[in-house]
Amino acid sequence: MVTLKIEQDATTEDLYIQIPHHIRQELNWQEGDTLVWEIQSDNTINVRKECSVSEYKAWIIKDYLKQNDKEAYYDWIYQG
């Protein structure tokens with residue numbers, strides 16, 4: 001988990017965070033991506049990239065295989 005400080009623009013008073021380049025690169029986030037903000041019960045905020053239906057399906061399949069079928073998961077990773 002990474003902790004980032006919420007900042008405020010002096011002119012517009014808009015709130016924002018600056019996500020470091022190395023984190024954006026690791027997550028494959030690009031300028032123009034839509035991010036989904038989820039406030040948790042402990043007042044932390046999870047941020048994730050909004051994805052298309054096909055990206056979401058691929059993520060669900062990969063996550064399922066990773067948890068339930070290690071051999072199929074490795075096939076998925078190294079062939080795809």
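Throughout, read-outs are computed from the coordinates displayed, never taken from laboratory work. Bear in mind the structure is a predicted one, so any value in this text is a computation, not a measurement.
The alpha-carbon of residue 62 sits under 25 angstrom from the alpha-carbons of these lysines, leaving out residues fewer than 8 places away in its chain: 49, 70. Under 5 Å between amide H atoms, partner at least 5 residues away or on a different chain: which partners does residue 49 have, H built in plane at 1.01 Å? So residue 49 has HN proximity to 36. The mean sequence distance of close C-alpha pairs (under 8 Å, at least 6 residues apart), as a share of the length of the chain, puts its relative contact order at 13 percent. Principal-axis analysis of the Cα atoms of the chain puts helix 53-68 at an angle of about 60° to the longest axis.
Of the residues 70, 49, 57, the one that moves most in a GNM of the chain with alpha-carbon contacts below 10 Å is 70. In the Gaussian network model of the chain, springs joining C-alpha atoms below 10 Å, which of 15, 27, 65 carries the largest mean-square fluctuation? So, out of 15, 27, 65, the one fluctuating most is 15. Compared with the dominant principal axis of the Cα atoms in the chain, helix 70-79 is inclined by about 70°.
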